[in-house]
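Single-structure report; data block below.
The values are calculated or read from the model by the stated rules, or taken from the named source; none is laboratory data. What you see is a predicted model, and the numbers here were worked out from it, not measured in a lab. Because the Cβ atoms are built from the backbone with ideal geometry, glycine has one as well, and the counts that use them run over all protein chains shown.
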Amino acid sequence: MSLRVTPAIGDDLRAAIPDLARLRMTVFRDFPYLYEGSPEYEERYLGTYLEAPGALALLARDGERVVGASTALPLAQETGELQAPFRASEFDPADVLYLGESVLLPEYRGLGLGHRFFDEREAHAARLGLTVTAFCAVQRPGEHPARPASYRPLDAFWQSRGYVERPDLETTMSWQDVGEVGETAKRMRFWVRG
């Protein structure tokens, strides 16, 4: 195993987008996201990171294989749905780096890459002069029928990184769940540090 985490920008990121799309569709298919993605949607979504000022994409590779990724961009570059909860709070969206996602294949978890993703994105926020970092996580009921018995929420990990769950900061996002025929709205709750 030869693991390394590197930032991807420009042509490097453009070349990695198909790998990132596959990775996101693989990891987010599992509970709690249950995401039924498509390569076309993923490639459009990931294209945002090619265009947005201040965006960051990190790639974790084992040799040349992309096994994980993490993204971030200034909240001011994100959609209105993601900005709205902050506009109605004590936070100014102009001060926030939105942590888009961290996805990692199961066999690479527990090796410190999750911490590395947070370290790199928090350092990026500091370089940009942004004082707050935040992300949102889907809210699924504890008795959800697709929840595996082995599921372990990441709350303790996020808290250990200094993030606070903010029930007052919520939004919705829509996607098609595995086994559904169309998109449905999902409640998303923010975790904030800063």
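Details
- When the range 43-62 is filtered for residues that are small (Gly, Ala, Ser), crowded, with 21+ Cβ neighbours inside 10 Å and under 11 Å from Gly100 (Cα atoms), only Ala57 remains.
- The listed residue being surrounded by fewer than 19 Cβ atoms within 10 Å (Cβ to Cβ) and at pLDDT 95 or above, out of Asp19, Asp30: Asp30
- For Leu169, the criteria (1) in a loop (DSSP other than H, G, I, E, B); (2) touching a residue at least 40 places away in the same chain (Cβ under 8 Å) hold in every case but one, which is (1).
- Filtered by the rule that a residue be touching a Gly at 6+ places or on another chain (Cβ under 9 Å) and under 20 Å from Ser70 (Cα atoms), the range 128-159 gives Leu128, Leu130, Thr131, Val132, Thr133, Ala134, Phe135, Leu154, Phe157.
- Given (1) part of a loop (DSSP other than H, G, I, E, B); (2) under 22 Å from Tyr45 (Cβ atoms); (3) without any contact (Cβ under 8 Å) to a residue 60 or more places away in the chain; (4) in contact with a Lys or Arg (Cβ under 9 Å, 6 or more places away or on another chain), number of the condition Gly162 does not satisfy: (2)
- Taken over the range 123-159, the residue count meeting the criterion of being part of a helix (DSSP H, G or I) and touching a residue at least 24 places away in the same chain (Cβ under 8 Å) is 5.
- Residues satisfying the stated conditions in the range 1-11, i.e. under 12 Å from Val66 (Cα atoms) and exposed (fewer than 15 other Cβ atoms within 10 Å of the Cβ): Ser2, Arg4, Thr6
- Check on Gly37, surrounded by fewer than 14 Cβ atoms within 10 Å (Cβ to Cβ), on the phi < 0 side of the Ramachandran plot and out of contact with any strand residue (DSSP E or B) (no Cβ under 6 Å at 6 or more places or on another chain): no
- Residue check, Glu120 part of a helix (DSSP H, G or I), of a type in the set (Asp, Glu), in contact with a strand residue (DSSP E or B) (Cβ under 8 Å, 6 or more places away or on another chain) and under 23 Å from Met1 (Cβ atoms): yes
- Flag for Arg65 being more than 21 Å from Asp12 (Cα to Cα) and exposed (fewer than 13 other Cβ atoms within 10 Å of the Cβ): no
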